[in-house]
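For reference, the structure is listed below as structure tokens.
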Number of protein chains: 2
Amino acid sequence: MKISELSERSGVSVASIKYYVREGLLPAGVTTAANQANYDDHHIHRLRLIRALVHVGNLSIASVKAVLDTVDSGTTSLHDAFGAVMHSLDEPAPEEMEPDLAQVLAEVRAWIRKRKWAVSPDAPAIHLLAEAMLILRQFDFGLDLADLDEIADVSEQSAEFEVGFAREKVDRTAAVETMLIGTVVYGRALVEIRRLALEAVSARLDTPGRARPKGKQ
Amino acid sequence: MKISELSERSGVSVASIKYYVREGLLPAGVTTAANQANYDDHHIHRLRLIRALVHVGNLSIASVKAVLDTVDSGTTSLHDAFGAVMHSLDEPAPEEMEPDLAQVLAEVRAWIRKRKWAVSPDAPAIHLLAEAMLILRQFDFGLDLADLDEIADVSEQSAEFEVGFAREKVDRTAAVETMLIGTVVYGRALVEIRRLALEAVSARLDTPGRARPKGKQ
DNA sequence: TATTTGTGGATAGTTCCACTATCCACTCTG
DNA sequence: CAGAGTGGATAGTGGAACTATCCACAAATA
């Protein structure tokens, strides 16, 4: 398949494809002559993945490159690959930090320990969670980490299903890729469902006794 | 308080504060002379909100402006204000769309109807959810909307709590603001918890029988 | 065979965004 | 009264994600 066909079938402009190749996100086609190369379904698949990460996951090109490098490198254990992918999704946290944040960070770490969650100590998610918690406190959300246990239980259950689903895949690359788009795209779907729920509940509480008498269903 | 003090106390540079004022995100101080103005705690609060939306919520300055304009405008019902805020968080969807997406979009709308969720038909979340679902299908996640009902139930419950919490606030601005940072910042916290759960579960499944005696494989 | 169209690779340009820096006439502080 | 700080205006910066142009050449079409 020529580059123009790849462009048409993937919906990505030729210029952008060339750009992705340049940046190392997409492997070059197999060159058959000085100015001729062949692309295949592999490239379409990869382009789909790139677009999903960039446009649904809001990842930067640099992050996508980091993530894809991790996917492609045959890291020893499947879990190491998952972990590496997770960590590539966000920039590592800066060294210096306010004392307030340091305090919340310590609480988050303790909470994770208490839950017996074996996560890498430098997972970006830890810092990002601490930052979010700090802001919530500044805005008087009386919310401590114990309140999150219920949510964590639910997350854990669904994660169990999700990780299991990914591990069923035949080869390691497919498994890691599944985990990746699960994290990013399925995660996005969950966020949007939450927003819809918020709007729906807000509507219901504003017009009481209309759509639903009380309770459920 | 002078602008330099506002800068120090908020951790935002003087230049950035001026920029936010210019862009209409932050009200100007009360001018006491040609080149003198007073700022107060209100400004600190607003700056905190702006930083949270920009750096935790990844909103653009333009989106933040739209959201804050909505917060400040005394829209009639509380729910209308919530809705407007929700819709300001994302750009409206483009007109044209692929047939595949249109199909999924219709399914999503039907699902929302079936759940009796009263959401505005042009809520950006609907489109974003449809886009995410489409990509999940392209990557062979055998996932139809019925599978999401359980998650939607959980979301609904937690939304009930959250909306209730916001509506308890004394004045309308505080209520809308609470809803806003709940959506953005608390939402972010949930995402990070999910990521931690994924990593933890992946670790557990890779070292069976170590942390927990559940013993698969 | 001749001509148009498309190609891969390189390089330069564009647009947008979130700031940042500079300037100025002025005023508050020491 | 000197020097630092101020509000307001305007211009500049650096990064990101493309986009456009150029070239010698190959492929498809006439």
Whole-Hz Karplus couplings 3J(HN,Hα) for region A:141-148, θ = phi - 60° and coefficients 6.51, -1.76, 1.60, Gly and Pro as x, run 7, x, 9, 10, 4, 4, 5, 8
With A:Phe165 itself left out, Lys, Arg at +1 and Asp, Glu at -1 over residues whose Cβ is under 13 Å from its Cβ give -4
Gaussian network model of chain A, springs between alpha carbon atoms under 10 Å - residue of A:Phe141, A:Phe161, A:Phe82 with greatest fluctuation
A:Phe141
Residues A:Glu168, B:Glu96 in order from fewest to most other beta-carbon atoms within 10 Å are B:Glu96, A:Glu168
Going from the fewest other Cβ atoms within 10 Å to the most, one would list B:Ser77, B:Ser13 as B:Ser13, B:Ser77
Compute the Cα gyration tensor for region A:1-55, then decide on rounded, prolate or oblate, letting a ≥ b ≥ c be the square roots of its eigenvalues: rounded whenever a/c is under 1.5, prolate when a/b is larger than b/c in the other cases, and oblate in all that remain.
prolate
What whole number of Å gives the distance from the Cα centroid of region A:64-95 to the Cα centroid of region B:62-121?
34 Å
Unit charges on C-beta of K, R, D, E only; dipole of region B:1-55, Debye
120 debye
Student exercise, chain A dipole from Lys, Arg, Asp, Glu Cβ charges, in Debye to nearest 20:
880 debye
Distances from A:Ser16 to the same position in the other copies: list them in nm, one decimal, shortest first, using label points 7 Å from Cα along Cα→Cβ.
3.1
Measuring nothing but label to label, 7 Å from Cα along Cα→Cβ, what are B:Lys2's distances to the other copies in nm, shortest first?
6.9
Between copies, how far does the label point of A:Met97 sit from its twins, in nm, shortest first, when each point is 7 Å from Cα along Cα→Cβ?
3.9
Can you show me the helix-derived [θ] at 222 nm for chain A, built from DSSP H runs with n ≥ 4 at -39,500 (n - 2.57) apiece and divided by the number of residues, rounded to the nearest 500.
-19500 deg cm²/dmol
Counting other chain Cβ atoms within 10 Å of each Cβ in A:116-126 and taking the mean gives 5
Taking a ≥ b ≥ c as the square roots of the Cα gyration tensor eigenvalues, with a/c under 1.5 meaning rounded and otherwise prolate when a/b beats b/c, else oblate, which class fits the protein assembly as shown?
rounded
Among the listed pairs A:Lys65/A:Lys169; B:Lys65/B:Lys169; B:Lys2/B:Lys65; A:Lys114/B:Lys169; A:Lys2/A:Lys65, which are separated by more than 26 Å between their Cα atoms?
A:Lys114/B:Lys169
For A:Ala37, the residues 5 or more places away or on another chain with a placed amide H closer than 5 Å to its own amide H are A:Thr32
What is the magnitude of the charge dipole of region A:1-105 about its Cα centre, with +1 placed on the Cβ of each Lys and Arg, -1 on the Cβ of each Asp and Glu, and no other charges, expressed in debye to the nearest 20?
780 debye
Taking the alpha-carbon centroid of each part, what is the distance from region B:151-178 to region A:141-176 in angstrom?
25 Å
Once a ≥ b ≥ c are taken as the square roots of the eigenvalues of the Cα gyration tensor of region B:59-217, is the result rounded (a/c under 1.5), prolate (a/b larger than b/c) or oblate (a/b not larger than b/c)?
oblate
Can you tell me which of A:Pro27, A:Pro94, A:Pro121 moves the most in a GNM of chain A? Springs connect C-alpha atoms under 10 Å apart.
A:Pro94
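Rule-based calculations on the coordinates, nothing more; no lab input. Note that the structure is a prediction, hence the values are computed from the model and not measured. Every residue, glycine as well, gets a Cβ built from its backbone with ideal geometry; the counts of neighbours run over all protein chains shown.
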